[in-house]
1. If you stretched the chain out fully between ASP225 and VAL183, how much longer would it get, using 0.36 nm times the residue separation minus the C-alpha to C-alpha distance?
2. Restricting to the range 1-67, compute how many DSSP beta bridges are antiparallel as a %, nearest 5.
3. Explain nothing, just the number: dipole magnitude of the chain about its Cα centre with +1 on each Lys and Arg Cβ and -1 on each Asp and Glu Cβ, in debye rounded to the nearest 20.
4. In the range 11-117, how many lysine pairs have Cα atoms under 14 Å apart, counting only pairs 8 or more places apart or on different chains?
5. Helix 36-46 against the longest principal axis of the chain: what's the angle in degrees, Cα atoms only, rounded to the nearest 10?
6. If packing is taken as the average number of other Cβ atoms within 10 Å across a peptide's residues, how do 260-268, 234-242 rank, most packed first?
7. Projected onto the charge dipole of the range 146-289 (+1 at Lys/Arg Cβ, -1 at Asp/Glu Cβ, origin at the Cα centre), which of LEU286, VAL214, TYR149 gives the Cα projection farthest towards the positive end?
8. Mind putting a number on the dipole of the range 9-60 about its Cα centre? Charges go on the C-beta only, +1 for Lys and Arg and -1 for Asp and Glu, and I need it in Debye to the nearest 20.
Amino acid sequence: MDDGVKLFTVDAFTAVPFKGNPAAVCLIENNDLVPDDMKQKIATEMNLSETAFVLKLMPDDEFKTASKFLLQWFTPTNEVPLCGHATLASAAVLFNCYGNKSEVLAFETLSGTLYASRQEQKVFIDLPLNSPEPMLTIGNNVPYQDLQYSHTTKKLLIRLKDCVTRKELENLTPQTELMVDAVPSGKVKGVIITLRGFPENGCSSQDGKTYDFVSRYFAPWNGIDEDPVTGSAHTVLGPYWSKELNKTPLYAHQCSARGGDLYVNVRSDGRVDIGGDAVIVLKAKLFCH
């Protein structure tokens, strides 16, 4: 530990620094020296939505040459079973900072084996589909037209009516402090609010390309009022919108204050490829002793 833990911060799902979703990535040479309680302390200290820990499977492995690693994710309050943007950030560090030449990186995680690959300047991660199911019949007197729930991720998906604009979605101010009290049982761990994209409702990128859908994501149960760009939420959004629009791949935007673009390809084998850009904004060493 005298040499410190190699630490990076990465803005995922963006090609612009200080946009997208920031994740901390720690590369651990010896897992015995950084137990889980220390990882939680590091994640709390970093105070980002997720801190990822990349661990060698074998002591003789090298981050530059190995193609398989262990991967854990911690929020400021707890370990989580899946985090898309921190997985993309971890792969970006190995590809771009260490020059790892592997065509595909495999990460052993609490959600099984996840794969990351490079496609030109973007990184794509292979994640499990988490298809939501309808919860109840929606009436005409509410501002949303669909309400679905993903049992595997405990995420609630709220689709706004097509007449709602992107600007109205961006201006929503949910009372996140009341969400935990409203659902204290643990049945819900995150809320996705989503909107179909049309040129007429402002759902277009800066270069004029229309997004298939846009969204925002809230997870106060994990200590995150609003997550800037969320890969795991798109494992729910991907199958939902692919079915609704009868198409794949999909072009998506998460319209938080930072914002980020995602490329979502729903596959027939129960998996989804989620890709985007990543920018390394910090390289440092962390001393835990």
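1. Gain on stretching ASP225 to VAL183: 13.6 nm.
2. 60 percent
3. Around 540 debye, computed over the chain.
4. Eligible lysine pairs with Cα atoms under 14 Å apart amount to 4.
5. The helix 36-46 is inclined about 60 degrees to the chain.
6. So the order, starting with the most tightly packed, is 234-242, 260-268.
7. About the Cα centre, the residue reaching furthest to the positive side is LEU286.
8. 220 debye
Any read-out appearing in this document is the output of simple, stated calculations on the displayed coordinates, not a laboratory observation. Note that the structure is a prediction, hence the values are computed from the model and not measured. Glycine also receives a Cβ, built like all others from the backbone with ideal geometry; neighbour counts cover every protein chain displayed.
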